[in-house]
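Worksheet: one structure, shown below.
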Amino acid sequence: MIHVTVPSFKQISEEDEKPYTVYQINVLVGGRTHFIEKRYREFHALHKQLKKTIETPEFPPKKVRQLSNKGLEQRRTLLEGYIQGILDRDLVPRSLLTFLRVKNFKTASYDAAPRMVCSLDDIDQEPISTHQPTMVFETDPFLSLVMEAELHDSVVEGVRQGLYEDDFNLPLT
């Protein structure tokens, strides 16, 4: 499961540039959180890309009544709602994962082909092993005090010979 919040914003002033606003984004994936910063225009570019392939939630307008803290706070809330609206769907576009810098997610996406999709259920799944065990022990048989009673002698002797290169005829200790 992916959980995203946009808890804050800050003004950046660089030499020879007009001041601009960046929004801090907290991304929680599989129990790990990372932080990124994005400008409004990066959100808008993501929106233009997403609306080509999916029906998107309403995107916050570019023009805000005032670029005061109150106006920027309102935009921050709307941007958070926009991202969460896309994540609330069962299928997540790869471009959103790239925007959020989410890695190790199955790379199927409907950005490239409309029928290929990612499921949020795929994030936390463990890899499925195709190995079929032939024998399973609930506890470690070599730490057991009553090993002879729990295992057949041929199994014990085979393991001892294979792992420890013991002679078959030595008594168990």
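So, in the range 45-70, exactly how many residues are surrounded by 15 or more Cβ atoms within 10 Å (Cβ to Cβ), of a type outside the set (Phe, Trp, Tyr) and either at positive phi or out of contact with any Lys or Arg (no Cβ under 6 Å at 6 or more places or on another chain) (or both)?
Going through the range 45-70 one residue at a time, the tally reaches 8.
Hey, any hits in the range 77-98 for a residue that's modelled with pLDDT of 80 or more, in contact with a strand residue (DSSP E or B) (Cβ under 8 Å, 6 or more places away or on another chain), polar (S, T, N, Q) and surrounded by 14 or more Cβ atoms within 10 Å (Cβ to Cβ)?
Yes, there is a match, as at least one residue in the range 77-98 is modelled with pLDDT of 80 or more, in contact with a strand residue (DSSP E or B) (Cβ under 8 Å, 6 or more places away or on another chain), polar (S, T, N, Q) and surrounded by 14 or more Cβ atoms within 10 Å (Cβ to Cβ).
The values are calculated or read from the model by the stated rules, or taken from the named source; none is laboratory data. This one's a predicted model, so the numbers in the text were calculated from it and none came from an experiment. Don't worry about glycine lacking a Cβ; one is built from the backbone with ideal geometry, like all the others, and counts go over all protein chains shown.
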